[in-house]
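A.B. asks: Encoded as structure tokens, here's the structure I'll be asking about.
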Amino acid sequence: MAAWFTRSGNIAHHVKRNMGSFLRPAPTLSDSSWSRSPACLGNSPALLWAGRLESTRAQKLVDSDSENDAPLRDDDQAIDFPGGRVMLTSEMQFIPGYPQQRVHCYHLMNNDGQTNMCSSFEQVSKEVAVKMYSDMITLQIMDTIFYEAQRQGRISFYLTSVGEEAINIASAAALSPDDIVMAQYREPGVLLWRGFTLQEFANQCFGNKADCGKGRQMPIHYGSKKLNYFTVSSPLATQLPQAVGAAYSLKMDNKDACVVAYFGDGSTSEGDFHASLNFAAVMEAPVIFLCRNNGWAISTPTSEQFRSDGIVVKGPAYGIQSIRVDGNDALAVHNAVRAARQMAIHEQRPILVEALTYRVGHHSTSDDSTKYRPVDEVKHWEMGQNPVNRFRKWVERNGWWSEEDESQLRSSIRKQLLQAIQVAEKMEKPPLADLFSDVYDVPPSILFEQEQQLRETIKRHPQDYPSDVPV
């Protein structure tokens, strides 16, 4: 190790050469630039890492093969500080807080569904592509109908994924069913892809006795042990340190799987985000941190949330390889997450993925986004940068989809959802006893006392408690 650090001047060159498109500067992106085809991406993530799955962690980097790298002239130019040998300089320099150029955004498909002829990426089969598009449409319709149900007072709360369908579905398609998902609350598409039925979605939102969570969670706080999808928790970023711990357990058990932790840009302002990245890097846990940078943390824009170049630059600060991807480009998301998964599992390392997108809908049914952002801005993203429309054009270009297919799918999904809501709404609620179960193997006496007190209170004031909950 000490011998290696005497050649530490070669690290920067080696990392720069091997990082490729996973982290490199680029001109500032404008909204319109997302719709243009990029320059040839000869170093796309899939190509860059396909033949390189051995570890490249910093402490095991080999010497650069460049003949221009000069060795240290004497021992006075470096000191062995704890953590490694550090070069010395008499020139006082401060590291810039913001780069002159922004990090590139990995992008494969423009708004017309055309891919750059120079782009090399893992092709998506017809079967997978059609399922991806069908699930995007299903997610759209599900959001529309459940949102309307909340407005009608039939469910208490709802939150949509409008504008972020590609991140949901394309990332899920790149994973294995054995991979563990720790979501925030705007990733129901991942669960949909894995086989969660429309009836199960409806049961959860209505909190009936068929709900996997037994009615103990807010609507849209889904979970499924069978599908390796941990139950959603409302507080931001709490799933991130848990994801690292779960990933480390997979590593200890030599599992061919990783953990994927989804979160929004607002979560990066939480301490758990920073602790988790450091935790994952130090423990070399196979976890993918997938950030949906949709521009808004409820009513707080990213311009008021951080001064860095988004989220992607935070990864290298903790020693984590990172990539920025166009979150409205389903092909780019699928390809990037697929490559990230390969690296996480085979190299046993964390990866940070920042998916740039835009939250078209209100934050939730409790929010009115017209109070803090212009309607024209929302319309621009809804119409001009729509990820579902973009992917449909690509699928149609391949001859895999038609207008007739579109009509039949939309009609079928709408009927299924309306039927699922009718069934869920009429189903009995979970019994009162379920409020006190599933936490302790042997419930403590205080829980028995609380349950007894609650039952006595209900008897005294029956008019103040819902009549459809079995006592």
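Only the coordinates and a few stated rules stand behind these numbers; no lab work does. This is a predicted model, so every value here is computed, not measured. Reconstructed Cβ throughout: ideal geometry from the backbone, glycine too, with neighbour counts over all protein chains shown.
A.B. asks: Quote the relative contact order of segment 311-450 in percent (integer), defining contacts as alpha-carbon pairs under 8 Å separated by 6+ residues. Show your work: numbers first, answer last.
C.D. replies: Values: 79 pairs, mean separation 25.0, N = 140.
Averaging sequence separation for qualifying contacts and normalising by length gives 18 percent for segment 311-450.
A.B. asks: So which lysines can K126 reach, going by Cα to Cα under 19 Å and dropping same-chain residues fewer than 8 places off?
C.D. replies: Those lysines meeting the cut-off are K393.
A.B. asks: Write down the Å³ per residue value for the convex hull defined by the alpha carbon atoms of segment 379-431.
C.D. replies: It comes to 136 Å³ per residue, whole-number rounded.
A.B. asks: Put +1 on the Cβ of each Lys and Arg and -1 on the Cβ of each Asp and Glu in segment 368-471; which of V388, S402, A433 then has its Cα farthest toward the positive end of the dipole?
C.D. replies: Going by the Cα projections, it comes out as S402.
A.B. asks: Moving on to the next point. For segment 236-354, which semi-axes, largest first and in whole Å, follow from the square roots of 5 times the eigenvalues of its Cα gyration tensor?
C.D. replies: Numbers: eigenvalues 106, 52, 26 Å².
Sorted largest first and rounded, they come to 23, 16, 12 Å.
A.B. asks: Moving on. For segment 172-235, what is the largest minus smallest coordinate of the Cα atoms on each principal axis, given in angstrom and ordered from greatest to least?
C.D. replies: Each principal axis gives a Cα extent; for segment 172-235 these are 32, 26, 17 Å.
A.B. asks: Can you give the alpha-carbon Rg of segment 313-471 over 2.2 N^0.38 Å, where N counts its residues? The partial results should precede the final answer.
C.D. replies: Numbers: Rg = 25.0 Å, N = 159, 2.2 N^0.38 = 15.1 Å.
Taking the Cα Rg and dividing by 2.2 N^0.38 Å, one obtains 1.66.
A.B. asks: Tell me, in nm to one decimal, what length is gained between R414 and F306 on full extension, where the rule is 0.36 nm per residue of separation less the Cα-Cα distance? Walk me through the intermediate numbers first.
C.D. replies: Numbers: separation 108, 0.36 × 108 = 38.88 nm, distance 4.06 nm.
Using 0.36 nm per residue and subtracting the Cα-Cα distance, I get 34.8 nm.
A.B. asks: Further question: Among the aspartates and glutamates, which have Cα under 20 Å from the Cα of K225 when same-chain residues fewer than 8 positions away are ignored?
C.D. replies: D178, D179, E187, E200, D211, D253, D256, D434, D438, D441
A.B. asks: A further question on this structure: Out of segment 413-471, which GluC sites (Glu not before Pro) are coil in DSSP terms and have no more than 11 other C-beta atoms within 10 Å? Before the final figure, lay out the partial values.
C.D. replies: On the way: sites: E425, E428, E449, E451, E456; in loops: E428.
Those that pass, being in a loop and sparsely packed, are E428.
A.B. asks: Any lysines with Cα under 23 Å of the K426 Cα? List them, leaving off those in the same chain fewer than 8 positions away.
C.D. replies: K209, K214, K415
A.B. asks: If you don't mind, another one. Would you kindly calculate the mean projected area, averaged across all directions, of the convex hull enclosing the Cα atoms of segment 103-250, in square nanometres?
C.D. replies: On the way: hull surface 44.5 nm².
Computing the convex hull of the Cα atoms and averaging its projections yields 11.1 nm².
A.B. asks: Continuing with this model, one more query. Considering every pair of different Cα atoms, what Kirkwood radius, in Å, is found for segment 104-426?
C.D. replies: Values: mean 1/r = 0.0503 Å⁻¹.
Every distinct Cα pair counted, the radius reaches 19.9 Å.
A.B. asks: Sorting check: for 83-96, 191-204, 301-314, which peptide has the highest mean count of neighbouring beta carbons within 10 Å, and how do the rest follow? Present the calculation step by step, with values, prior to reporting the outcome.
C.D. replies: Values: 83-96: 8.4, 191-204: 20.8, 301-314: 16.4.
By packing density, highest mean first, the sequence is 191-204, 301-314, 83-96.
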